[in-house]
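Enquirer: Got a structure here, written out as C-alpha cells. Questions coming.
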C-alpha cells in the first residue's frame with residue numbers, strides 16, 4: 001500500500017560545509033510526494049552522534065538520502081536503526097574509511113582553522129566539488145561558497161573530525177534490506193564511479209545511477225536529474 005502524503009517523510013542529509021541550500025530543488029519539487037526535511041549535521045563531531053541527533057528529530061519511519069558526509073551519516077543510521085528507514089539514497093559518498101593521507105590532510109585543515117585561517121570553500125577548491133563547466137556559474141559556485149560561510153569554522157572542525165574518525169563500512173552494506181539507489185556524478189573528483197559501484201553491488205538490490213556532466217554536488221549541479229531519480233526511487 002502506498003502511503004498518503006501526510007504519512008510519508010523524506011529526510012535529506014547535507015555534506016561537509018553544506019546546508020539546506022544543497023537540497024533546495026529536491027525540497028521544492030518532492031514536497032508533493034513526501035514531507036521533506038533537511039537534517040542539521042553541524043552540531044556534533046562523530047558520525048554516531050550525528051546519526052543519533054537525526055534519528056531523535058526524525059519521524060518514526062522515513063526515506064533517507066545523504067550526500068558525501070551525509071552519506072556517511074546515512075550509513076550510520078542504517079547501523080543504528082535500520083527498522084526506521086524505508087528507502088535509502090546514497091549520493092557522492094563511499095563506504096570506506098579515510099586513508100592515512102586523507103586523515104593527515106583533514107588534520108592539517110583543522111590546524112589551520114584553529115589558527116584562524118578557515119576560508120570555507122574558495123574558488124581554488126571549487127574544482128573538487130563541481131563540474132568544470134559550472135565554475136563560473138553563480139547559481140552553483142556562489143551557492144557552494146555561501147553554504148560554507150553559513151556552516152562556519154567551528155562546525156567545519158566538528159565535521160572533519162567526524163569524517164576522519166569513521167570506520168570502514170563495506171561489510172555493513174550487506175545488512176541493508178530497503179530499496180536503495182546510489183547516485184554519483186560522472187566527473188565527481190572526490191568519490192569515483194567505481195566507489196559508488198562498490199556500494200551498489202554490496203547492497204542487495206542496490207541500483208547505481210550515474211549523472212552525466214556532473215561533479216560532487218549533484219543535487220545542486222544537476223537538480224532536475226537528481227530530483228527525477230529520487231521521485232522514481234520514492235515512488
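The values are calculated or read from the model by the stated rules, or taken from the named source; none is laboratory data. This one's a predicted model, so the numbers in the text were calculated from it and none came from an experiment. Please note: Cβ atoms are built from the backbone with ideal geometry, for glycine as well, and neighbour counts cover all protein chains shown.
Enquirer: Quick one: how many residues across the stretch 121-166 are closer than 15 Å to residue 15 by Cβ, part of a loop (DSSP other than H, G, I, E, B) and free of Cβ contacts under 8 Å to residues at least 40 places away in the same chain?
Expert: The number of residues fulfilling the criteria is 1.
Enquirer: All but one of (1) assigned to a loop (DSSP other than H, G, I, E, B); (2) modelled with pLDDT under 95; (3) surrounded by fewer than 16 Cβ atoms within 10 Å (Cβ to Cβ) hold for residue 118, so report the exception by its number.
Expert: Checking residue 118 against (1) assigned to a loop (DSSP other than H, G, I, E, B); (2) modelled with pLDDT under 95; (3) surrounded by fewer than 16 Cβ atoms within 10 Å (Cβ to Cβ), the one that fails is (3).
Enquirer: State yes or no: is residue 45 closer than 29 Å to residue 225 by Cβ and either within 18 Å of the chain's Cα centre (by Cα) or crowded, with 16+ Cβ neighbours inside 10 Å (or both)?
Expert: It is false that residue 45 is closer than 29 Å to residue 225 by Cβ and either within 18 Å of the chain's Cα centre (by Cα) or crowded, with 16+ Cβ neighbours inside 10 Å (or both).
Enquirer: Does at least one position in the stretch 135-154 carry a residue that is under 16 Å from residue 96 (Cβ atoms), out of contact with any strand residue (DSSP E or B) (no Cβ under 6 Å at 6 or more places or on another chain) and crowded, with 21+ Cβ neighbours inside 10 Å?
Expert: No, there is no match, as no residue in the stretch 135-154 is under 16 Å from residue 96 (Cβ atoms), out of contact with any strand residue (DSSP E or B) (no Cβ under 6 Å at 6 or more places or on another chain) and crowded, with 21+ Cβ neighbours inside 10 Å.
Enquirer: Exactly one of (1) at pLDDT below 95; (2) within 20 Å of residue 170 (Cα to Cα); (3) under 18 Å from the mean Cα position of the chain (by Cα) is unmet by residue 85. Its number?
Expert: With respect to (1) at pLDDT below 95; (2) within 20 Å of residue 170 (Cα to Cα); (3) under 18 Å from the mean Cα position of the chain (by Cα), residue 85 is out only on (1).
Enquirer: Restricting attention to the stretch 67-86, report how many residues are buried (at least 19 other Cβ atoms within 10 Å of the Cβ) and not in a helix (DSSP H, G or I).
Expert: 3
Enquirer: Could you tell me which of the residues 64, 16, 10 is touching a helix residue (DSSP H, G or I) at 6+ places or on another chain (Cβ under 6 Å) and outside any loop (DSSP other than H, G, I, E, B)?
Expert: None of the others qualify; the one that does is 64.
Enquirer: Something else now. Name every residue in the stretch 173-232 that is farther than 23 Å from residue 25 by Cα, assigned to a helix (DSSP H, G or I) and free of Cβ contacts under 8 Å to residues at least 40 places away in the same chain, in order of residue number.
Expert: Scanning the stretch 173-232 gives 174, 193, 194, 197, 200, 201.
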